[in-house]
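Here's the structure, in structure tokens; my notes come after.
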Amino acid sequence: MDLEKLRETAAEVAAREDVKYLIGWKKGTYGYRVAPGFIEDADGAAELIFSPLCTANLATYLTLVEKLPLPRGEEPDDRKTALMVKGCDSRAVAQLLVEKGIDRENVVVIGCPCPGMVDPELLAEKYPETEEPAEVKWTDDGFIVIRDGEETSVSRDELLAEKCRLCRYPNPVISDIMLGEPVETWEPAEDEGVNEVENKDVDEREAYWEEQFSNCVRCYSCRNVCPLCYCQDCILDRLNPTWVNRSVNFSENTAFNIARAFHLAGRCIECGECERVCPANIPLGKLNRKLAREVRDKYGFEPGLDPEAEPFQASYKPDDPEDFIL
Amino acid sequence: MKTNENPYIPYNATVEDTWFETGGERAIKTFKVVFDDEEVRKNWSHRPGQCAMIGVLGIGESMISISCSPTEGDFLRFSVMRMGKVTQALHQLETGDKMTVRGPYGNSFPLEEWEGKQILTIGGGIGQAPMRPIVEYVKANYDNYAGLTMIYGARTSGDLCFKNEFEDMAKDKELSCHLTIDIEEEQWDHNVGFVPQVLLDLNPSPENTIAITCGPPIMIRFVLENLKKLGFEDDQIYTTLENRMKCGIGKCGRCNAGGMYVCKDGPVFDYATLKAIPEAFA
Amino acid sequence: MSAMLLNKEKWPDFVGRLTGKKLWAPQAGGDGMRFAPVAEGEVPALDYGNTRVPPKQAVFPQTETLFRFQVDGEKVEEPKLEEEAVLLGVRPCDARAMVIVDKLFSWDEDDPYYLKRRELVTLVGLACTEPGLNCFCTSVGGGPASTEGLDLVMIDLGENYLLEAITEKGQALLAETEDLLEEAKDDVAEQKEKIINESEQKIKRSVNTEDIPGGLPGLWEDPLWQRVSASCLGCGTCTFLCPTCHCFDIQDETEGFDSRRCRSWDSCMFAEYTLHTSGHNPRPSRRERTRNRINHKYNYYVDKFDVIACVGCGRCINLCPVNIDIVDILKQVEEAL
Amino acid sequence: MSANNYEPNIVAFLCNWCSYAGADLAGTSRVQYPSNVQVIRVMCTGRVNPLYVMNALQQGADGVLVSGCHPGDCHYMEGNYYARRRLGMLKDLMEFIGVDPRRFHMSWVSASEGHKWKEVVEKTVEDAREAGPFEGFRRRRIDW
């Protein structure tokens, strides 16, 4: 994508009177890092980038805004938020619209067609991170890793993130402004991760998840980073009644992870953020993708495509499958 | 149970008497509590302004002001508003039931330092709970103080705590007691109006006087404003803070206001100190 | 007997000698390197960067039972902490962190659980020869070969480990394993210094923290807090993985007739942490919470205990999902002063 | 407990209008069915939060049964349709994380189906018995 065009458009949007700020990606503080950037005026737009490292789903910031009591006499700032989205991120916006979590009038969506992101962990493993800023760029058939002044061409398959291999919607499904031409969609890969777990027998699966969930430190970053986990009063924080105890052990961790995954059933748009941010490297995406697959295969439903759709768990069809019922 | 080697282990205590101060969803219930262990009873000493962690085993603990003065006898009093998980469980306790107490925690009002001075307490709603021990303490030692004035207000007459004590207070010649409610009611023959306004109307002289206030944040803010208008200096004004607490002994980290732990360095602060803490009125 | 050499080939024997005590060492797991109890007969390798979760969990477990009880309160049972433990391969920063946290847990009123565990633990450190990308220990009073808090320090000399006892516990450990060790030769000191110097050179990140504790109060309302916290998600990664973070929550848990009061790590980055029952929150947004985190480490703690509560291990930088970088924040604080 | 005399603990969430009445009918018609079921009455299966199922297993149930009105018969018109969707998803998720599918069942039992109730309970108990005591993510007493 043309970076100049992106910055130009962003500058225009950020300068608009009715826009509070624009959320995009900017270079992080070191190495490959990319940080969310909150751009308030046209000048700030020069910081923005869009590269295969922009994995973060910025739609989460739409619902992360804290509504604080205003000092007397002050008017609430109800200007719009402008947001840069990839394909998956745009589905989060669409799903938020379905759930009426946000108002369409309050967001300006800037769509970035996405040729696929690199997997940050794979990248750091193969090309160790440096203190000096490093970069990754797209080429026609892969990526170029630029670090220490050295450029290395890498094939697409080598570094492409798992969520992008499985991606069905690399182009934003909703947008007000589209940057560049839509990318050609690719055949989504078979979800090996989920298959692998599915193919285990029950006891093996139990052992597998026991090992994973025992690592959980309950930092709740998976919940907080998720654009669709935006309850003001999360059931996991509740003490009265206490759904999930605060103690960290396999039982409570499992309960937490079931609750989190289940609350995203039919809502998860598979942006893979939960898995990316997990400090314990728990493959949370597998839980969500498994549910998403069931929802797709059994109920013919895909979340985050049509802002006018009915939410999955708040609707039904008389002929929903019921082969599991005695 | 055991002695206080381990600060996390509470003492067992029995509710000797309990009654409702106010009604409604956010009712306030007062508990008169006695320790089960003779030795604990003997060794326990607290001072006006201090708090204790009271709770129900299996539910949890909450930090509650001790609302009696040690001069009243060998028992503790707590006035608890029904708010969350622990206070709901406490409200279900009846006379003879068990609760747990650990403490006392925090600093206290420097009542010895104040000897010879006029004491002015300004309380609002449940904020009267930490004021009551001062009133009781001074009442027991009238000779040492130049006088005692109490201003206490609540939204309605039904929301006033310690109503059963007002009659005796009215008879007490040395105590000047000013009750107020926000909105006029029938058969109410005291003041009507907000606490800060009543304070202004009363117009107490700042000379040789200590003012102590506790109540909802908005009331404290205007009381402080009005005290300044009346000419009170920063070191003549005291208040007590509260924050969420878990351990009571300065370890769990959450009760800090700026660099001060409310459970250890507080809850009593003079206004001069408070002004230096940026988070104090947050 | 202070400086001894241990041939790397004898490392398994050395580990084998430490029987009867619970052994903790860095081990590879699904979540990267972590400190975990070593299974009987296993020999931990020491060639690792640093663990994701700091070894603080050995002395301050994520969930710790304070006491068990029957709901009628008649039977209260305290845990008996008596198992001695040896932590192998502790990085100097993590050991220093324990010394820093000790100050809080022994301040005014002792915390019996933490202090007891500290007493029972022997820290065998491993000086860093390959500091990580985000290490900045030299900026906050530590160093890759700092021995503060360690009982015994090991330095990798290539073929051998150089073992130096720092405390009596360390001496005792050396005495127990004397037959495996060789007396170090004179040139070792030189070799050691060279390695430490080289290691220090490899630490790329630094910030001048001299003026920060004194300057932070003046920056209370500075716009920088809004700026650095704008992208914060409010998760607990930075605090849970911090070796000096020590905040906890106490909850009662009842299962049938079995009840316990336990404490679990808590994080100042959670909204719930300071939330009053009334719904009022003294630190209502991520801006205040981020400010509190930095102030607690670099201001309040310095005021109370005269030491910065950050050891520069870089974990919060490495693992923050949105690249909130404490070195960067400190640099911005410096600039704003 | 040896495998032979192991009796599973079943928690059953029954809707007030159909299944509870059905179970009642089974009782008044003296239909014999296993006594391992602990019935919790809810107004509608749509009210059964999937986390109830999780919580029951956490607190020591070996099997969970949710039973309500037949599709189309819901007293609240559509509650059981929602329940069917949600609990169907939950069953998939539970299976995926390694909970034996025999531990969780859902059924439609109307107020007149005392005999079906007996069959459902027998099947649930039998399945839970085969699956054995639930150890998975049940809360355990922590050894300090």
Residues of the range C:164-190 being outside any helix (DSSP H, G or I), hydrophobic (A, V, I, L, M, F, W, C) and more than 24 Å from residue C:96 (Cβ to Cβ), in sequence order, are C:181, C:184
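Among the candidates D:23, D:83, D:61, single out the residue that is within 14 Å of the chain's Cα centre (by Cα), in a helix (DSSP H, G or I) and under 28 Å from residue A:261 (Cα atoms). Break it down stepwise before answering.
Values: D:23 fails: under 28 Å from residue A:261 (Cα atoms); D:61 fails: in a helix (DSSP H, G or I).
From the options D:23, D:83, D:61, the qualifying one is D:83.
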Inspect all residues belonging to the range A:38-47 and state whether any of them is within 9 Å of chain C (Cβ to nearest Cβ) and either in contact with a Cys (Cβ under 9 Å, 6 or more places away or on another chain) or surrounded by 15 or more Cβ atoms within 10 Å (Cβ to Cβ) (or both).
yes
Can you name every residue in the range B:84-99 that is more than 10 Å from chain C (Cβ to nearest Cβ) and assigned to a loop (DSSP other than H, G, I, E, B)?
B:92, B:93, B:94, B:95, B:96, B:97
Failed condition for residue D:35, given (1) outside any helix (DSSP H, G or I); (2) within 9 Å of chain A (Cβ to nearest Cβ); (3) under 27 Å from residue D:138 (Cα atoms); (4) without any contact (Cβ under 8 Å) to a residue 40 or more places away in the chain, with all others met?
(2)
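Which of the residues that make up the range A:17-52 are among the hydrophobic types (A, V, I, L, M, F, W, C) and touching a Leu at 6+ places or on another chain (Cβ under 8 Å)?
Looking only at the range A:17-52, we keep the residues that are among the hydrophobic types (A, V, I, L, M, F, W, C), and these are A:19, A:22-23, A:25, A:34-35, A:38-39, A:42, A:45-46, A:48-50.
Scanning the range A:17-52 gives A:22, A:23, A:25, A:34, A:38, A:39, A:45, A:48, A:49, A:50.
Give the residues of the range C:204-256 that are β-branched (Val, Ile, Thr) and within 10 Å of another protein chain (Cβ to nearest Cβ), sorted by residue number.
Within the range C:204-256, the subset β-branched (Val, Ile, Thr) is C:207, C:209, C:212, C:228, C:237, C:239, C:244, C:250, C:254.
Selection gives C:237, C:239, C:250, C:254.
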Only one residue in C:113, C:161 is within 14 Å of another protein chain (Cβ to nearest Cβ), in contact (Cβ under 8 Å) with a residue 40 or more places away in the chain, more than 16 Å from the chain's Cα centre (by Cα) and not in a loop (DSSP other than H, G, I, E, B). Which one?
C:113
Which of (1) more than 8 Å from every other protein chain (Cβ to nearest Cβ); (2) over 21 Å from residue C:34 (Cβ atoms) does residue C:108 not meet, given it meets every other one?
(1)
Subset of the range B:212-259 (residues that are under 15 Å from residue C:283 (Cα atoms) and within 20 Å of the chain's Cα centre (by Cα))
B:217, B:241, B:242, B:243, B:244, B:245, B:255, B:256, B:257
Somewhere in the range C:157-173, is a residue surrounded by fewer than 22 Cβ atoms within 10 Å (Cβ to Cβ), in contact with a Cys (Cβ under 7 Å, 6 or more places away or on another chain) and not charged (D, E, K, R)?
no
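I need the full set of residues from the range B:40-83 which are over 19 Å from the mean Cα position of the chain (by Cα) and part of a loop (DSSP other than H, G, I, E, B), in order please.
We begin by selecting, within the range B:40-83, every residue over 19 Å from the mean Cα position of the chain (by Cα); these are B:40-43, B:56-60.
Scanning the range B:40-83 gives B:57, B:58, B:59.
So in the range B:140-175, with the set limited to residues that are of a type in the set (S, T, N, Q) and buried (at least 16 other Cβ atoms within 10 Å of the Cβ), which one is farthest from the chain's Cα centre (by Cα)?
B:157
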If we keep only residues of the range A:206-222 that are under 14 Å from residue A:258 (Cα atoms) and more than 25 Å from the chain's Cα centre (by Cα), then the residue farthest from the other protein chains (Cβ to nearest Cβ) is A:210
When the range B:231-277 is examined, which residues are found to be surrounded by 22 or more Cβ atoms within 10 Å (Cβ to Cβ) and among the basic types (Lys, Arg)?
B:246, B:251, B:254
Is one or more of the residues making up the range C:43-55 buried (at least 18 other Cβ atoms within 10 Å of the Cβ) and of a type in the set (S, T, N, Q)?
yes
If we keep just the residues of the range C:272-303 that are within 7 Å of chain B (Cβ to nearest Cβ) and surrounded by fewer than 19 Cβ atoms within 10 Å (Cβ to Cβ), which is farthest from the chain's Cα centre (by Cα)?
C:278
Count, please, the residues in the range D:94-107 that happen to be facing chain A (nearest Cβ under 7 Å), over 11 Å from the mean Cα position of the chain (by Cα) and not in a loop (DSSP other than H, G, I, E, B).
1
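Residue check: is residue D:89 assigned to a helix (DSSP H, G or I), crowded, with 22+ Cβ neighbours inside 10 Å and either facing another protein chain (nearest Cβ under 9 Å) or free of Cβ contacts under 8 Å to residues at least 40 places away in the same chain (or both)? Give the derivation first.
On the way: assigned to a helix (DSSP H, G or I): yes; crowded, with 22+ Cβ neighbours inside 10 Å: yes; either facing another protein chain (nearest Cβ under 9 Å) or free of Cβ contacts under 8 Å to residues at least 40 places away in the same chain (or both): yes.
In short, yes.
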Among helices (runs of 4 or more DSSP H) entirely within the range C:191-293, at least 3 residues that are in contact with a Lys or Arg (Cβ under 9 Å, 6 or more places away or on another chain) occur in C:224-229, C:237-240
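Within the range A:68-88, count every residue that is touching a residue at least 12 places away in the same chain (Cβ under 8 Å), part of a loop (DSSP other than H, G, I, E, B) and more than 14 Å from chain C (Cβ to nearest Cβ).
Let us first name the residues in the range A:68-88 that are touching a residue at least 12 places away in the same chain (Cβ under 8 Å), namely A:77-88.
Narrowing further to those that are part of a loop (DSSP other than H, G, I, E, B): A:77-79, A:86.
Next cut, more than 14 Å from chain C (Cβ to nearest Cβ) only: A:78-79, A:86.
Residues flagged as touching a residue at least 12 places away in the same chain (Cβ under 8 Å), part of a loop (DSSP other than H, G, I, E, B) and more than 14 Å from chain C (Cβ to nearest Cβ) within the range A:68-88 amount to 3.
Name the helices (runs of 4 or more DSSP H) wholly within the range A:241-326 that hold at least 1 residues that are in contact (Cβ under 8 Å) with a residue 12 or more places away in the chain, more than 14 Å from chain C (Cβ to nearest Cβ) and more than 29 Å from residue C:27 (Cα to Cα)? Even if it seems obvious, please write down each step before you answer.
Numbers: elements: A:250-263, A:273-277, A:284-299.
Because the criterion is at least 1 residues that are in contact (Cβ under 8 Å) with a residue 12 or more places away in the chain, more than 14 Å from chain C (Cβ to nearest Cβ) and more than 29 Å from residue C:27 (Cα to Cα), the helices (runs of 4 or more DSSP H) in the range A:241-326 that meet it are A:250-263, A:284-299.
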Mind checking whether some residue in the range A:135-147 is in contact with a Phe, Trp or Tyr (Cβ under 8 Å, 6 or more places away or on another chain), of a type in the set (Lys, Arg) and closer than 21 Å to residue C:323 by Cβ?
yes
For residue C:147, only one of the following conditions fails: (1) farther than 20 Å from residue C:35 by Cα; (2) in contact with a Pro (Cβ under 8 Å, 6 or more places away or on another chain). What is its number?
(1)
Do we have any residue at all in the range C:307-324 that's in contact with a strand residue (DSSP E or B) (Cβ under 7 Å, 6 or more places away or on another chain), facing chain A (nearest Cβ under 9 Å), over 18 Å from residue C:208 (Cα atoms) and free of Cβ contacts under 8 Å to residues at least 60 places away in the same chain?
no
Kindly indicate whether residue A:325 is surrounded by fewer than 24 Cβ atoms within 10 Å (Cβ to Cβ) and either over 30 Å from residue D:141 (Cα atoms) or not hydrophobic (A, V, I, L, M, F, W, C) (or both).
yes
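Each value in this text was obtained by applying a stated rule to the coordinates, not by laboratory testing. Please read these numbers as outputs of a predicted model, since none were measured by experiment. Note that we place each Cβ from the backbone using ideal geometry, even for glycine, and neighbour counts take in every protein chain shown.
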